[in-house]
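Shown next, in C-alpha cells, is the structure this report addresses.
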Amino acid sequence: MKAQHRTQLMAEWLLNRVAGGNTSESLVGDLVEEHHRGRSSLWFWTQVLAAMVIAAGHEIRAHRLAAISGIVTGFASLWCFAVIATRLLTSAGFPHAVNWRWPHMLVLFVIGFTYTILSGWIVGSVHRTHRTTAVFSFLASVLIVPVLELPLLYWLNRSVFSSLAPISLMLIATVIGAPVAILIGGFSDRPRVQKPV
Amino acid sequence: MTDFEIMILLAILRVGDEAYGVPIAREIEKTAGRTVLLGAVYAVLARLDAMGLVASTVGDPTPQRGGRAKRFFRVTRAGLRAVLDTQRALIALWTNVPALEGGRR
C-alpha cells in the first residue's frame, strides 16, 4: 500500500512539473482510479510517460524560441562542464581515453551524470516561464546526439567498435543516464504555478 | 478543429453530467473503436478550455482516487455552436461526392 502511494506521489510530482498542477491532479486521480479497477502498473506508467511527452510536445510547439534557447543553453553548459572536467582529469593524471578500464569509466559516468544534472538545472533556471519547453527540447536533442555520433565515430575510428563495452556504456549513459539527469536538474526546484479554474 | 477535438466535445455531450477524463476516454474507445491515452484527452481538454469551448468544475476528493478530486467538463454554448458548424460543414462536403457514392455520377 505504501509502495503504491509512493508510486502515485512520484507520478504526480513528474506530471505536476510538466503539465501543471490542475491537470496533473485530475489526470493522476483518473489513473489511480483505473489502477484500482485492475489496470496494471505498466499501463499506469505508460500513461504517465505518454502524458509527459504529449504535454511537452504541446509546450514545444507553442514556444519554439524557448525550445531553441533551451537546446543552445543546454549544450553550451554541457560543453563548458565537459572542458572543465577533462582539464581536471588530465591534470589529476587520469589516463587517456584509449586506456580506460571499468573504474575509469565509472568515475567518468559519475562526473558526466553530475554535470548533466547541473546543465539541466541551468536550462530550467534560465527558462523559468517556459521550463518544460526548454528542458524537454534539450533532453530530446541530447537523445538525438548518439544517432548522429555513432556513424561519425565509426567513420573516424572503427577500432572503438571492436569491444562492445565502451559503446554499450556510452549508449546507456546517453539514452538512460542523460535524460534522467536532465529531468532531475531541470525540474529540481518549484513546480510551475497555475491559477485555479 | 481536429477530429479528436470534435470527438472529445461529442463524448462530453454523450456522457452528460459525469463527464471527466475516464468516462470521456471510455466513450471514445467504445464508439470510435480507438485506444485513447488519458494524457491526450487532458491535453485536448486544456486546449478546448482555453478556446472557451468547454468549462470545468472540480468535484469532491474520493478515496478511490487517492484523495484527488475529479474535474467535470461541460460543453459551453460556443462549443455547441462549434460542433454544429463542423457537422454542417462535413455534411455539405459529404454530399455530391461521386467517389463516396460508389463512383456513380
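We did not get these values from a lab; they are worked out from the coordinates using the rules stated. Bear in mind the structure is a predicted one, so any value in this text is a computation, not a measurement. Note: ideal-geometry Cβ built from the backbone for every residue, glycine included; neighbour counts use all protein chains shown.
Quick look at the numbers
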item	result
Whole-Hz ³J(HN,Hα) from phi, Karplus 6.51 cos²θ - 1.76 cosθ + 1.60, for the stretch A:133-146, glycine and proline x	4, 5, 5, 6, 5, 4, 4, 4, 5, 5, 6, 6, 3, x
3J(HN,Hα) from dihedral phi, the stretch A:56-69, Karplus parametrisation 6.51/-1.76/1.60, rounded to Hz, x for glycine, proline	5, x, 5, 5, 5, 5, 7, 9, 5, 5, 5, 5, 5, 4
3J(HN,Hα) from dihedral phi, the stretch B:31-44, Karplus parametrisation 6.51/-1.76/1.60, rounded to Hz, x for glycine, proline	7, 8, x, 10, 6, 10, 8, 4, x, 5, 4, 5, 5, 5
Burial ordering of A:137, A:77, B:56, fewest other beta-carbon atoms within 10 Å first	B:56, A:77, A:137
Distant-in-sequence amide H partners of residue B:19 (H built 1.01 Å from N, under 5 Å)	B:73
For the stretch A:4-150, convex hull volume per residue from C-alpha positions, Å³	148
At most 12 other Cβ within 10 Å, DSSP loop - trypsin sites (Lys or Arg not before Pro), the stretch B:1-91	B:34
Peptide-level mean, for B:58-66, of C-beta atoms on other protein chains within 10 Å	5
Translational diffusion coefficient (Stokes-Einstein; Kirkwood radius from C-alpha pairs) of the stretch B:26-68 at 10 °C, 1.306 mPa s, in µm²/s	128
Principal axis dimensions, chain B - Cα atoms, whole angstrom, descending	61, 27, 20
Debye equation applied to the C-alpha atoms of the protein assembly as shown, log10 I(q)/I(0) at 0.07, 0.10, 0.11, 0.14 Å⁻¹	-0.39, -0.70, -0.81, -1.08
Separation between Cα centres of the stretch B:1-61 and the stretch A:19-65, rounded to whole Å	14
Number of partner chain Cβ atoms within 10 Å, mean per residue of B:42-52	3
